[in-house]
Amino acid sequence: MSRTIDAVVSPTQTNTIPADISGQMLDLDEDDDLEVFSKDSTLADGNMFNASMQTSPGSMVNQCKFEEDEEGDSKDIFITVDNPESHVTAIETFITYRVLTKTTRSEFDNSEYEVRRRYQDFLWLKGKLEEAHSTLIVHPLPEKFVVKGMVERFNGDFIATRRKALHKFLNRIADHPILSCSEDFKVFLSAQAWELTTYKKQGPGFLSRMGETVRAVANSVRGVKNRPEEFTAIQEYVEDFSNKISCLDKVTQRIVKEQKEYLEELKEYGPTYTLWSGSEEELAEQLKGVAGCIERCCKETEEQVGHLSDTLVPVLHEYVLCAETLKAVLRRRDNIQAEFEAKNETLATKKVDRDAESSDLGFVWGSLLGKNPEEARHQRQERLDGEIEELKEEIDKLEDRVEWANNALKGDWGRWQRSMRGDLKSAFFSTAEKNVDYYEKCLAVWETFLLSQRTEPSEETDRDNTP
Amino acid sequence: MADAGNKESAPIGGDEFTNTELENNKNNTMVEEGSTLLRRMEISVAEAEKRTGKNTVNMQEIFTVYLIETRPIDAITEGHNPAPDSLWRRYSEFEILRNYLLVTYPFIVVPPLPEKRAEFVWHKLSADNMDPDFVERRRIGLENFLLRVASHSVLSNDKILYHFLTEEHRWKEVVYETGFQAKADSRIKALSATFRVKNPDKRFTEMKHYSDELQSLTSQLLRVRARVADRIYGVYKVHGNYGRVFSEWSALEKEMGDGLQSAGHHMDAYAASVDDILEEEERYADQLKEYLFYAEALRAVCRKHELTQYELETASSDLISKKQQREELATGMVRTFSFKGMTNKLFGQETPEQREAKLSLLEEQIVQGEETVTEKTVECEEYVKGAWVDMQRFKEQKDRDLREALIGYAVMQISMCKKGIQVWTNAKECFHKM
């Protein structure tokens with residue numbers, strides 16, 4: 001049951017056809033009909049389209065409608081990231097993006113929000129989400145900066161790529177059953193700039209965060225002893241997956257590079273035919289024809305390379321980052337379990353302590369100080385009992401925490417795998433589709449040329465046969 | 001192209017042509033009217049083999065020999081199937097034959113040989129003369145050369161050519177005996193004629209400019225084409241990596257495994273397909289190369305005209321000056337300044353006897369000179385006539401052949417696109433199943 005689909009506005013609505021337009025299809029002419037129907041059938045598949053498939057910014061909002069929805073409900077929140085703007089201050093220059101939210105969720109006061117956010121804000125949000133849900137899989141952010149240097153940050157392509165990735169990031173969170181309920185997320189979407197700054201300052205202070213980090217490091221050094229088999233399996237998978245996806249990322253980038261170089265040479269190739277045609281009479285037309293074909297193929301090649309860069313490259317890159325996220329998540333889960341195991345060990349030690357016979361140093365001292373041996377032992381036992389009770393409470397909490405963490409991860413793991421499959425499948429599918437389209441267009445170009453040549457020979461053979 | 005044009009008579013090749021193209025080829029061969037050798041005899045360069053032997057400086061070398069097979073056509077049409085006569089020839093012997101033809105028929109645009117060394121090489125293509133692909137392409141080129149020569153109305157009647165095709169022994173001695181090497185014009189002579197000729201036939205001057213253009217244009221085209229081929233190779237081959245990684249990745253996945261695995265196979269197929277594609281394109285490059293080399297032959301014909309014209313002009317102006325001298329001597333009038341005139345003035349005139357002797361010498365020279373001029377005029381005229389006819393023939397042949405080559409190129413591109421469509425459609429289905 002859709003609640004808000006029609007209310008969503010976008011500047012252009014060209015690429016995707018929502019189901020309720022079916023009545024208008026009869027108005028389209030035959031070829032367009034076929035185009036439309038083939039697109040529709042893939043939509044019906046349910047898990048084909050993702051943010052990664054569309055490139056027209058205006059239809060971004062539309063595509064959100066067709067993202068995978070596990071619960072079977074339609075979405076009730078739509079987010080776009082667009083309109084990058086440069087801000088110059090005395091200290092720095094930075095880019096902000098417009099974040100537009102439309103929603104019917106009750107926890108939001110309004111149904112529409114428009115705010116401007118910079119990359120740092122996204123980083124903050126990601127950090128908060130990971131802090132609150134350390135074993136949930138948060139979709140990766142685009143990287144901080146390009147290795148090459150400062151100038152690249154403001155390069156048009158870089159900004160466009162980053163914008164798309166930020167858009168996807170927010171939408172993935174919105175899709176997540178748990179993460180999308182986060183208060184931090186809500187504030188991020190709705191607060192004005194100064195409100196956000198104030199809000200950021202709240203929360204656990206620096207020292208407590210430091211303490212957590214120290215504990216985490218200590219636990220990771222200690223290592224986890226009894227990791228459940230299923231998490232080991234996941235870890236192995238993540239290792240292998242990380243390798244494969246990095247490979248694919250590199251291969252794809254290499255292909256883009258080779259295609260671009262091919263395009264450069266091709267651009268010089270056509271003109272050699274044109275140049276030659278200037279010296280010929282009979283052949284001039286054919287030579288120009290060939291030159292024209294090559295030029296048109298150049299355009300198609302350019303389009304194809306663009307598609308590859310826009311569609312496949314970013315997705316593969318995202319999943320390289322995802323692999324790192326997964327590794328971090330698994331580490332955090334391990335740390336939680338390690339902490340629990342450590343406390344258990346401490347408990348065991350204390351129990352042993354308490355049940356130990358009184359021939360210990362403390363008792364001796366106590367008696368030297370004039371204490372009643374019985375009393376001293378009783379005191380000690382009370383103290384230890386107290387500590388043991390405390391420990392047990394803490395352990396209970398930690399046990400809950402471990403269980404919660406494991407369940408969260410397990411649940412999210414399935415979710416992640418599904419969207420990984422969906423994303424990669426559609427990215428590769430789209431690439432293959434574009435390649436077919438590319439070759440089909442080039443085929444048409446050369447066939448047209450050939451056709452124009454074939455109609456002439458009848459004149460030539462007549463000329464040949466006359467004495 | 002020659003070998004395709006004689007698909008019937010040359011059983012080598014195996015090119016695939018549509019029916020319409022075969023029709024065109026039959027009609028558009030260089031088979032001229034009149035009885036050319038090719039009408040009487042079937043010729044082919046059937047094989048290539050490596051041999052070892054001693055070269056001119058008595059060192060061991062490895063070289064390739066090519067098998068020339070010939071069969072009389074009437075024997076075939078009569079239903080017999082005689083075994084072909086055959087003999088082996090080296091590339092260098094072909095070169096000698098061609099040089100002989102160039103000298104003996106300077107007014108003919110003599111068909112070129114396939115290149116001596118591999119040029120316009122892109123990185124995967126071997127520049128090695130021993131490379132089997134190069135040898136094979138050279139074999140085809142040599143056959144093409146022979147077919148063109150044997151179907152030329154003038155060249156095909158040459159005895160040396162016939163000897164080359166039919167008798168292995170003593171051919172070299174016989175061809176050297178014609179003394180053609182001595183008859184070759186020196187380069188310096190030809191070059192100076194180019195600069196000094198006053199009234200060459202304008203058509204030949206134009207043709208010469210055209211030959212320069214043809215040479216530089218085709219050479220540029222071939223260079224860029226080779227670079228493009230290199231790049232296409234790179235693009236296709238990198239896709240092979242997809243095959244490998246998909247295959248490895250498919251082992252990790254349960255649901256996506258099958259789709260990935262089969263997609264990987266298609267990527268491998270895609271990467272492998274480029275080898276055939278580029279091999280075919282190399283044939284197209286060879287067709288263009290033939291005309292790159294033809295440009296040189298065309299230019300040689302134009303230059304020879306300039307030379308004969310220059311010789312005629314020289315002979316004419318010699319004659320004129322000798323006639324002038326005679327007149328001066330006869331009338332005593334000095335028309336033009338000359339040192340002889342000056343010394344005459346300074347040191348007195350010659351004796352009548354001396355003058356008589358000079359006059360009769362001049363008369364002799366004038367008679368000779370007039371003969372020479374007449375000869376040269378006829379030579380020049382005949383040359384212009386013969387050369388112009390052959391240049392027209394060449395032009396028509398070139399237009400036909402290059403047109404066919406361009407069509408062939410379009411066909412190749414279409415085939416490449418179709419292969420691409422097939423592979424990526426298959427891959428698309430595999431991804432869909434993932």
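The values are calculated or read from the model by the stated rules, or taken from the named source; none is laboratory data. Since the model is a prediction, treat every value here as computed from it, not as a measurement. Note that we place each Cβ from the backbone using ideal geometry, even for glycine, and neighbour counts take in every protein chain shown. All accessible areas refer to the heavy atoms of the entire protein, side chains included, with ligands and DNA or RNA removed. Shrake-Rupley method; radii C 1.70, N 1.55, O 1.52, S 1.80 Å.
All conditions in (1) part of a helix (DSSP H, G or I); (2) within 14 Å of chain A (Cβ to nearest Cβ); (3) in contact (Cβ under 8 Å) with a residue 60 or more places away in the chain hold for B:Phe204, with the sole exception of (2).
Results for (1) facing chain B (nearest Cβ under 9 Å); (2) open to solvent by less than 10 Å² (accessible area, probe 1.4 Å); (3) closer than 18 Å to B:Gln413 by Cα, shown as yes or no for each residue.
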site	(1), (2), (3)
A:Gln259	yes, no, yes
A:Glu264	yes, no, no
A:Lys267	no, no, yes
A:Glu295	no, no, yes
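Selection of region A:371-398 for residues being in contact with a Ser or Thr (Cβ under 8 Å, 6 or more places away or on another chain) and more than 24 Å from A:Ala338 (Cβ to Cβ) yields A:Pro373, A:Ala376, A:Arg377.
Consider region B:373-416 and keep the residues that are more than 9 Å from every other protein chain (Cβ to nearest Cβ), surrounded by fewer than 16 Cβ atoms within 10 Å (Cβ to Cβ) and within 21 Å of the chain's Cα centre (by Cα). The one that is nearest to B:Glu206 (Cα to Cα) is B:Gln392.
Going through region B:81-95 one residue at a time, which ones are of a type in the set (Gly, Ala, Ser), out of contact with any strand residue (DSSP E or B) (no Cβ under 6 Å at 6 or more places or on another chain) and outside any loop (DSSP other than H, G, I, E, B)? B:Ser92, the sole residue that qualifies.
Scanning region A:85-113 for residues that are in contact with a strand residue (DSSP E or B) (Cβ under 7 Å, 6 or more places away or on another chain), surrounded by 15 or more Cβ atoms within 10 Å (Cβ to Cβ) and under 17 Å from A:Leu170 (Cβ atoms) yields A:Ile95, A:Thr96, A:Tyr97, A:Arg98, A:Val99, A:Leu100, A:Thr101, A:Lys102, A:Thr103, A:Tyr113. Taken over region B:106-120, residues that are free of Cβ contacts under 8 Å to residues at least 60 places away in the same chain and buried (at least 19 other Cβ atoms within 10 Å of the Cβ) amount to 0. Given the condition out of contact with any Lys or Arg (no Cβ under 7 Å at 6 or more places or on another chain), open to solvent by 10 Å² or more (accessible area, probe 1.4 Å), at the interface with another protein chain (Cβ under 10 Å from one of its Cβ atoms) and assigned to a helix (DSSP H, G or I), answer yes or no: does some residue in region A:270-282 qualify? Yes, the conditions are met somewhere in region A:270-282. For region B:207-238, the candidate set comprises residues that are open to solvent by less than 10 Å² (accessible area, probe 1.4 Å) and either over 38 Å from the mean Cα position of the chain (by Cα) or under 30 Å from B:Leu191 (Cα atoms) (or both); within that set, the residue that is nearest to the other protein chains (Cβ to nearest Cβ) is B:Leu221. Of all the residues in region B:132-163, those that are open to solvent by 20 Å² or more (accessible area, probe 1.4 Å) and either acidic (Asp, Glu) or under 14 Å from the mean Cα position of the chain (by Cα) (or both) number 4. Is it true that some residue in region B:417-426 is facing chain A (nearest Cβ under 9 Å), in contact with a Phe, Trp or Tyr (Cβ under 8 Å, 6 or more places away or on another chain), of a type in the set (S, T, N, Q) and under 21 Å from A:Cys442 (Cα atoms)? Among the residues of region B:417-426, not one is facing chain A (nearest Cβ under 9 Å), in contact with a Phe, Trp or Tyr (Cβ under 8 Å, 6 or more places away or on another chain), of a type in the set (S, T, N, Q) and under 21 Å from A:Cys442 (Cα atoms), which makes the answer no.
So which of A:Thr311, A:Thr252 is of a type outside the set (Asp, Glu), more than 30 Å from B:Met207 (Cβ to Cβ) and either in contact with a His (Cβ under 6 Å, 6 or more places away or on another chain) or more than 10 Å from every other protein chain (Cβ to nearest Cβ) (or both)?
On the way: A:Thr252 fails: either in contact with a His (Cβ under 6 Å, 6 or more places away or on another chain) or more than 10 Å from every other protein chain (Cβ to nearest Cβ) (or both).
From the options A:Thr311, A:Thr252, the qualifying one is A:Thr311.
Flag not set for A:Lys288, criterion: in a helix (DSSP H, G or I), away from chain B (no Cβ under 14 Å) and free of Cβ contacts under 8 Å to residues at least 40 places away in the same chain.
Using the structure shown, decide if B:Arg98 is part of a helix (DSSP H, G or I) and at pLDDT below 85. Answer is no for this residue.
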